[in-house]
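Participant: One structure is given below, represented as structure tokens, and several questions about it will come after.
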Amino acid sequence: MCPGSETLTRPHKSALERLSQSETRKQSRPEVVTAERPYFPRRFGGRERRFVCNPEQNSNRVVMSKRKVKDVHLPVGECVPKLQEILRERICHQQLPVRPEGVEAQHKHLLELLRRTAVHGESNSVLIVGPRGAGKTMLLKCVLRDLLQDKEVQKNLLQVHLNGLLQTSDSIALKDITRQLHLENAVGDKVFGSFAENLAFLLEALKKGDRSSSRPVLFVLDEFDLFAHHKNQTLLYNLFDVSQSAQAPVAVVGLTCRLDVLELLEKRVKSRFSHRQIHLLNSPTFPQYLERVRTQLSLPDNFPDERFARDWNGSVESLCEDKLVQEVFQRHFNSSKDFRSLHLLLMFCLSRVSVSRATLRTSDLLEASRLCFTDAKANMLHGLSILELCLVIAMKHLNDVYEGEPFNLQMVHNEFKKFLQRRPNSVYNFETPIIMKAFEHLQQLELIRPVDGPTAKSQKEYQLMRLMLDHSQIMEALQKYPQCPTDVRQWAMSAFG
């Protein structure tokens, strides 16, 4: 500072004075009450301001925040994938019901039989009989799920699953049994040894030990009636013989669609079977069928977005009440009461749901029904060559002339020649070997079928055949056939009158 100048600065305060003043300000400042979550200051115009509120305001804020969390509204782009995931898991993966509906008595009976084998070491055999889609596999899976809740059973029970469509001979079935039981003559997925050796090895393994020391084995034979067609029924005889003996705890469960399945068994096999049968013959009514549709398509209560779930379930309810939709479901119900065909229809419907169309509409169901009832044979006709299509038209001519009597290649060729004679400049003059090749291709596609079976000993030209197409299928194919020649179309119209 220069001498003589005026000092304009404030006098400096001591550190003790500044500390006492800050303590005074803190005591005079009102207390800030915070809610359950941290309270942060807000900034306005670059300056920081603190908002003070009383406890009542904070409690109201906490209640409102909880209500907002409960009523969460997710974007449609997040709801639709979650919807598709839930319904795809339910429909495609066939989630088991908590308790099977309408078959409570059968469920209790089968569970008691298998529990005797798994827990008490008692051998049993039983057949589950019913039409396709009646719930035979679902019933067995529900019983096994309930049975395996016991940790001791889950630890000890061995399961072998066979299917008559896959194990087409006893030799293949024995190898699969050996592989599934992890016996000593199986290395990885390969089973070594002849049929007799594998059979002897299996029987020795099953009969070794007693009820107290042997682990229970469950054999499930799906398509049981096909095993009855195996030579000498060796597999069935030995399985029933072991299950009848008091040595190892073995349960044999067969699933079949044939009511006369016992008539297919040989006397020695039938005498070793317990003759227990569980019948699933009660078919659902149409109201139950519609209720199944509602159940399969409805979203659960714990869906993340309640409003979306409420709107979706409302659209499903209104869809099921639509008269046109009920007619579609009635058609499917009359065609097949199998719930698996219903699940296919519902999956076609769900495939049309997107973010832009987040509800099911009547048009979605109509399109799905059209896809389900699409005629595979009529679609095959669209890919035929002109020569093959002409042969089909010639067969239709012969059916009309001879009132459905069978025909052979020579008759079809002669009918085709009549068409060519009316058009001397036609481009369809094919050699006989080419016509024979086209005829054989139609047989491979199963559009025609031999009357006497494929093993009949006769020349190909004179083997009697039947046309497996009707009037509507051929007409639909002609209408949709790409660039069908006019003269062929006119010839076909003359055949259909």
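Participant: Considering only DSSP beta bridges whose two residues both sit in the stretch 104-279, what percent are antiparallel, to the nearest 5? All intermediate terms of the calculation are to be shown ahead of the outcome.
Facilitator: Working: 2 of 23 bridges.
Here the antiparallel bridges make up roughly 10 percent for the stretch 104-279.
Participant: Might you report the magnitude of the Cβ-based charge dipole of the stretch 377-493 about its Cα centre, with Lys and Arg at +1 and Asp and Glu at -1, to the nearest 20 debye?
Facilitator: On the way: 13 positive and 13 negative charges, 45 e Å.
About 220 debye.
Participant: To the nearest 20 debye, what is the magnitude of the charge dipole of the stretch 205-357 about its Cα centre, counting +1 on the Cβ of each Lys and Arg and -1 on the Cβ of each Asp and Glu?
Facilitator: Details: 21 positive and 18 negative charges, 151 e Å.
In debye, rounded to 20, the stretch 205-357 gives about 720.
Participant: Whose amide H sits under 5 Å from the amide H of Q277, counting only residues 5 or more places off or on another chain, with H placed in the peptide plane?
Facilitator: Here L127 satisfy the definition.
Participant: Protein chains only, probe 1.4 Å: how do S385, S494 rank by accessible area, largest first? Don't skip to the answer; put the middle values down first.
Facilitator: Values: S385 50, S494 75 Å².
The residues order as S494, S385, largest area first.
Participant: Continuing with this model, one more query. In the structure shown, do any of K141/K175; K141/K337; K437/K480; K396/K480; K175/K231 have a Cα-Cα gap over 22 Å, and if so which? Could the numbers behind the result be given before it?
Facilitator: Numbers: K141/K175 24 Å; K141/K337 20 Å; K437/K480 24 Å; K396/K480 18 Å; K175/K231 16 Å.
Checking Cα-Cα distances, K141/K175; K437/K480 exceed 22 Å.
Participant: For the stretch 104-279, report the accessible area per residue in Å² (1.4 Å probe, heavy atoms, rounded to an integer).
Facilitator: Numbers: 8670 Å² over 176 residues.
With the other protein chains kept in place, the stretch 104-279 gives 49 Å² per residue.
Participant: Give the accessible area for R179 in Å² (nearest 10); use a 1.4 Å probe, count only protein heavy atoms, and leave out ligands, DNA and RNA.
Facilitator: Rounded to the nearest 10, that gives 80 Å².
Participant: Taking amide hydrogens as modeled 1.01 Å from N in the peptide plane, which residues meet the under 5 Å criterion relative to V252, leaving out close sequence neighbours?
Facilitator: For V252, whose amide H was placed from the backbone, the distant partners under 5 Å are N124, S125, V126, F219.
Participant: Turning to a different aspect of this structure: Classify the stretch 84-159 as rounded, prolate or oblate from the Cα gyration tensor: take a ≥ b ≥ c as the square roots of its eigenvalues, call it rounded if a/c is under 1.5, otherwise prolate when a/b beats b/c and oblate if not.
Facilitator: On the way: a/c = 2.45, a/b = 1.48, b/c = 1.65.
Since a/c reaches 1.5 but b/c is at least a/b, the shape of the stretch 84-159 is classed as oblate.
Participant: Explain nothing, just compute: Karplus ³J(HN,Hα) = 6.51 cos²θ - 1.76 cosθ + 1.60, θ = phi - 60°, for every residue of the stretch 287-304 in order, whole Hz, x for Gly and Pro.
Facilitator: Listing the rounded values in order: x, 5, 4, 5, 5, 5, 4, 4, 5, 5, 9, 6, 8, x, 5, 8, 5, x Hz.
Participant: Accessible area, 1.4 Å probe, largest first: how do M436, M465 sort? Working shown, then result.
Facilitator: Numbers: M436 45, M465 0 Å².
Of M436, M465, the descending order of accessible area is M436, M465.
Participant: Relative to a virtual label point 7 Å from the Cα of L74 in the Cα→beta-carbon direction, which members of the stretch 353-396 show backbone nitrogen distances below 19 Å?
Facilitator: Backbone N within reach: 353-360.
Participant: Now for a different question. Taking the Cα centre of the stretch 104-279 as origin, work out the dipole magnitude from +1 charges on Lys and Arg Cβ and -1 charges on Asp and Glu Cβ, in debye rounded to 20. List each step's numbers first, then the result.
Facilitator: Details: 23 positive and 20 negative charges, 40 e Å.
It comes to approximately 200 debye.
Participant: Let me ask something additional. To the nearest 0.05, how large is the calculated FRET efficiency for N232 and S472 if R₀ is 56 Å and r is the Cβ-Cβ distance? Show your work: numbers first, answer last.
Facilitator: Details: r = 47 Å, r/R0 = 0.84.
For N232 and S472, the calculated efficiency is 0.75.
Participant: In square angstrom, rounded to the nearest 10, how much accessible surface does V129 have for a 1.4 Å probe?
Facilitator: Accessible area of V129: about 0 Å².
Participant: Further question: Keeping every protein chain in place, order S171, S369 by accessible area at 1.4 Å, biggest value first, i.e. largest first.
Facilitator: Details: S171 45, S369 5 Å².
Ranked from most to least accessible, the order is S171, S369.
Participant: Could you work out what % of the accessible surface of the stretch 377-493 is carbon and sulfur, using a 1.4 angstrom probe and leaving DNA, RNA and ligands out of the count? Show your work: numbers first, answer last.
Facilitator: Values: 3310 of 6620 Å².
That share works out to 50 percent.
Participant: For H343, what is the net charge nearby, where nearby means another residue's Cβ is under 11 Å from its Cβ and Lys, Arg count +1, Asp, Glu -1?
Facilitator: Numbers: positive: R88, R90, R292, R340; negative: D338.
Around H343, the surrounding residues sum to +3.
Participant: Once you list every other residue whose beta carbon is under 15 Å from the beta carbon of R489, what net charge do they have if Lys and Arg are +1 and Asp and Glu are -1?
Facilitator: Working: positive: K396, R422, R423, K480; negative: E476, D487.
Neighbour charge sum, excluding R489 itself: +2.
Participant: May I pose another question? Which of the GluC sites (Glu not before Pro) found in the stretch 371-432 are loop residues per DSSP with 15 or fewer other Cβ atoms within 10 Å of their Cβ? If you can, show how the numbers build up before the last one.
Facilitator: Numbers: sites: E388, E403, E415, E431; in loops: E403, E431.
Answer by residue number: E403, E431.
The values are calculated or read from the model by the stated rules, or taken from the named source; none is laboratory data. Remember, predicted model here, so these are calculated numbers, not experimental data. Every residue, glycine as well, gets a Cβ built from its backbone with ideal geometry; the counts of neighbours run over all protein chains shown. What goes into the accessible areas is simple: the full protein's heavy atoms, side chains included, and nothing from ligands, DNA or RNA. Shrake-Rupley method; radii C 1.70, N 1.55, O 1.52, S 1.80 Å.
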